[in-house]
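Every number in this text was worked out from the coordinates using simple rules, so none of it is lab data. The shown structure was predicted, so the numbers you read here are calculated from the model rather than taken from an experiment. No Cβ is skipped: glycine too gets one built from the backbone with ideal geometry, and neighbour counts run over all protein chains shown.
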Amino acid sequence: MSVSDPVADMLTKIRNATRARHEKVDIPASKLKLEIVKILKTEGYIKNFKKVQEEGKNIIRIFLKYDDMNNPVIHGLEKISTPGRRIYSGYKDLPRVHNGYGSVIVSTSSGVTTGKKATEKMVGGELVCKVW
């Protein structure tokens, strides 16, 4: 079965795995997903990730992060742009997620980045998702 929105599928798998308190989750690899996972790692939402090959398919294995009380660090993941409704924003109008405690991930002409870095570089783009 083909997936119409692979990024939304990835976010749902991560959301479900954190709620079920799994240690890791595997998702099919793509360049966009890998860039999003790199941002999640640098922002401190996940412990680590690695790209592995199983049964001839490339997958990204994400190791989820929990606090001392075994609560997930990721409280929410939400897809903004969808295949049927793309949402773009200039760098001046990028949304703030939970008053600055969350991050918005933006696909710009200079690559996938966070909203803060896109504002610093003065580039806008497609709003991919928000994490808090």
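Can you give me the Cα centroid spacing of the range 1-26 and the range 66-85 in angstrom?
The range 1-26 and the range 66-85 have Cα centres separated by 10 Å.
Using a cut-off of 20 Å between alpha-carbon atoms, which lysines can reach Lys24, once sequence neighbours fewer than 8 places away in the same chain are excluded?
Lys13, Lys33, Lys38, Lys41, Lys47, Lys50, Lys51, Lys57, Lys65
Which one of Ser109, Ile62, Ile14 has its Cα pushed farthest toward the positive end of the charge dipole of the chain, where Lys and Arg give +1 and Asp and Glu give -1 at the Cβ?
Ser109
Treating only the Cβ of Lys, Arg, Asp and Glu as charged (+1, +1, -1, -1), what charge dipole size does the chain show about its Cα centre? Round to the nearest 20 debye.
Taking the Cα centre of the chain as origin, the dipole is about 140 debye.
Scan around Lys24 for amide H atoms under 5 Å from its own, H built in the peptide plane at 1.01 Å from N, and keep only partners 5 or more places away or cross-chain.
Leu64
With θ set to phi - 60° and the Karplus curve 6.51 cos²θ - 1.76 cosθ + 1.60, what are the ³J(HN,Hα) couplings of the range 111-128 in order, to the nearest whole Hz, using x for Gly and Pro?
Once rounded to whole Hz, the list reads x, 7, 8, 7, x, 5, 5, 5, 5, 4, 7, 6, 10, x, x, 7, 7, 7.
Can you give the extra length, in nm with one decimal, that the chain gains between Lys41 and Ala20 once fully stretched, where that is 0.36 nm per residue apart less the Cα-Cα distance?
Length gained, Lys41 through Ala20: 5.6 nm.
Restrict the search to the range 13-97; then list the trypsin sites (Lys or Arg not before Pro) that DSSP places in a loop and that have at most 12 other Cβ atoms within 10 Å of their Cβ.
Arg21, Arg86
Angle, helix 31-42 long axis vs. longest principal axis of the chain, Cα atoms, 0 to 90°, nearest 10?
Once rounded, the angle reads 90 degrees.
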